[in-house]
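Report on one structure; see the data block that follows.
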Amino acid sequence: MSTIRSTLQDRELVVQTLRSLCTFDSVKSYLFFYIALSYALQGVRHVRARGVVGTAVESWRSLSTNVLLLVMRLPSLQKRVNSEMAKARLDIQDKLVKRGPKQIRHLSLPAEGLSAEEILKEMEQMDLVTGDNLHWKTGKLSGAVYHGGDDLEASFHFYAEVMMSAYRRYAVSNPLHPSSFPTIRQMEAEVVSMCLRMFNNPDGAGCTTSGGTESIVMSCKTHRDWARAVKGITAPELVIPSSAHPAFDKGAAYLGIKVHHIPVDPVTRQVNLKKVARAINRNTIMIVGSAVNFPDGNMDDITALSALAKRKGVGLHVDCCLGSFIVPFLEEAGFPIARFDFRLEGVTAISCDTHKYGFAPKGSSVIMYRDSKLREHQYFVYPDWAGGAYGSPTLSGSRPGGLIAGAWATMQYMGHKGYLDSCRSIVTCARTIEAAVRDDFPDLYVLGKPVSSVVAFGSKNAAVNILEVGDIMSNRGWSLNGLSNPPAVHIACTRLTTTMTDQFLQDLKASVEEARGRPAGKGTMVSLYGLGVSGPAGSTLVSRIITIFLDTLYIA
């Protein structure tokens with residue numbers, strides 16, 4: 001009896017204790033401590049990723065920006081800022097929106113449909129009014145149009161006879177309906193297969209997308225969903241180099257992923273590996289390396305990143321959108337390069353743009369994965385829709401089969417030898433420019449050690465503003481890319497550039513001399529990129545200018 005009584009007393013004591021612990025005030029306290037602990041852990045991870053100094057600088061910059069933005073709301077300053085933004089809007093519209101007495105604006109449907117001859121004539125008139133749409137033929141355009149070169153006429157013949165024929169043949173096809181368009185299904189699978197073999201993973205998996213941005217966003221989505229399913233991560237984080245393409249930030253913004261930007265070495269332009277390792281935590285889903293990056297054409301240490309990703313159990317995306325059909329052919333073309341592809345065990349995904357140095361029509365890229373199991377996390381599947389079971393591999397539902405056919409036809413036309421020869425000529429062009437800048441331009445320096453088609457150069461002489469040099473080059477007909485952090489200019493060599501190397505160096509030398517000691521003007525590079533580094537509020541003002549630019553694109 002005493003044992004039973006004792007047991008009952010113990011149980012009553014436990015019940016009383018639980019009741020005391022489960023009071024409303026106690027629950028509030030537990031909730032408060034849970035939230036406080038969660039935020040504390042987030043803070044610790046944040047500081048660990050950025051370092052104490054980096055966190056302090058980031059906090060100070062954020063505080064300064066907010067204070068300045070508040071100050072700019074003062075009526076006098078706000079009026080001045082709005083006035084400058086209005087000037088910027090007019091300037092952008094004057095450059096992009098062509099107006100003239102001969103221009104006809106098509107703001108509503110014609111009362112009756114036009115004939116094919118009338119439509120062609122109308123397009124010719126639009127070209128005359130808006131300006132020469134074929135200025136890229138001069139070879140003075142950085143990137144953007146990648147085909148051409150010595151065999152420009154043959155290139156046009158190819159586009160007219162091969163690519164456009166393929167597009168025309170499959171213009172109405174849609175891979176959303178593979179049973180209705182079985183050839184397009186096969187072509188897409190073969191485009192992916194050819195790319196997988198280029199990157200040494202014939203048993204891997206992949207999909208075609210509309211471009212590098214979609215390929216990267218898809219990889220972010222895939223790794224997020226993989227980490228949630230396999231590791232239970234509900235607050236996903238990415239660790240990327242500061243030189244990585246903003247598509248990663250775009251994907252993270254869309255998908256609710258936190259991003260840690262890791263600085264690159266100022267000399268090598270490769271991401272700081274120690275800081276990458278420090279930024280990885282239990283919420284990290286993926287780290288990123290570029291082969292090559294867009295700003296300066298340098299390649300991160302993918303071998304080291306692969307080993308780190310494998311050791312930490314996270315994904316590794318290698319962004320080869322710009323490297324595309326150049327980097328896989330470098331070694332065979334006689335340009336030694338470190339490994340960067342699926343031969344490295346830690347690499348889980350690679351993006352490659354077929355519409356850059358693959359010469360496919362615009363709107364064509366491939367995202368590749370180590371295996372099909374990982375690719376499954378990219379899919380969207382909805383079995384309960386009233387319209388029937390639904391599934392799609394990428395962001396888009398309907399997709400243009402004609403673009404897939406164009407990519408397939410291009411790859412068949414070029415073949416391995418065609419891409420190898422293209423790689424050799426383009427990289428030789430880039431190396432020639434790089435060597436000349438290093439040896440013959442004492443005021444300039446090359447950023448890092450670029451490995452493929454992009455060469456970026458800055459100024460080491462305070463009397464030469466490199467962005468002013470870029471604007472002067474624009475006046476000479478060149479369309480180059482302005483950079484920031486550090487201020488620099490880059491050229492992405494293409495088959496068109498290979499015939500213009502001497503002209504480029506001649507114009508660059510003259511532009512440097514013209515810019516020497518001259519006050520910075522009001523060209524696009526100086527105005528935009530100079531403003532971006534002008535102070536804490538600079539990036540906010542640049543964001544407003546970019547928004548104005550985007551709005552202007554839709555003025556009919």
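The values are calculated or read from the model by the stated rules, or taken from the named source; none is laboratory data. Computed from a prediction, not measured in an experiment: that's the story for all the values here. Please note: Cβ atoms are built from the backbone with ideal geometry, for glycine as well, and neighbour counts cover all protein chains shown. Heavy atoms of the whole protein, side chains included, go into the accessibility calculation; ligands, DNA and RNA do not. Shrake-Rupley method; radii C 1.70, N 1.55, O 1.52, S 1.80 Å.
For segment 55-62, the condition of being without any contact (Cβ under 8 Å) to a residue 24 or more places away in the chain, of a type in the set (D, E, K, R) and either under 20 Å from I546 (Cα atoms) or touching an Asp or Glu at 6+ places or on another chain (Cβ under 8 Å) (or both) holds for none of the residues. Restricting attention to segment 477-504, the residues being part of a helix (DSSP H, G or I) and hydroxyl-bearing (S, T, Y) number 4. Of everything in segment 179-199 that is surrounded by 15 or more Cβ atoms within 10 Å (Cβ to Cβ) and outside any helix (DSSP H, G or I), the residue that is nearest to the chain's Cα centre (by Cα) is F199. The condition of being open to solvent by less than 20 Å² (accessible area, probe 1.4 Å), among the β-branched types (V, I, T) and either out of contact with any helix residue (DSSP H, G or I) (no Cβ under 8 Å at 6 or more places or on another chain) or over 22 Å from A409 (Cβ atoms) (or both) holds for I350. For segment 387-401, the criterion of being under 27 Å from S165 (Cβ atoms), among the basic types (K, R) and without any contact (Cβ under 8 Å) to a residue 40 or more places away in the chain is met by no residue. Considering segment 327-420, the qualifying strands (runs of 3 or more DSSP E), each wholly inside and each with 3 or more residues that are within 22 Å of the chain's Cα centre (by Cα), run over 349-352, 365-369. Only a single item in (1) hydrophobic (A, V, I, L, M, F, W, C); (2) outside any helix (DSSP H, G or I); (3) open to solvent by 10 Å² or more (accessible area, probe 1.4 Å) is not met by M286, and it is number (3).
Comparison of A247, A205 shows that the only residue that is among the small types (G, A, S), open to solvent by less than 50 Å² (accessible area, probe 1.4 Å) and touching a Gly at 6+ places or on another chain (Cβ under 8 Å) is A247.
How many of the residues in segment 60-115 are assigned to a loop (DSSP other than H, G, I, E, B) and under 28 Å from the mean Cα position of the chain (by Cα)?
Total satisfying the criteria: 1.
How many of the residues in segment 378-413 are closer than 23 Å to G363 by Cα and open to solvent by 30 Å² or more (accessible area, probe 1.4 Å)? Step through it out loud before you land on a result.
Quick first cut of segment 378-413, residues closer than 23 Å to G363 by Cα only: 378-380, 391-413.
So of that shortlist, the ones also open to solvent by 30 Å² or more (accessible area, probe 1.4 Å) come out as 379-380, 391, 393, 395-396, 398-400, 403, 408, 412-413.
Of the residues in segment 378-413, 13 are closer than 23 Å to G363 by Cα and open to solvent by 30 Å² or more (accessible area, probe 1.4 Å).
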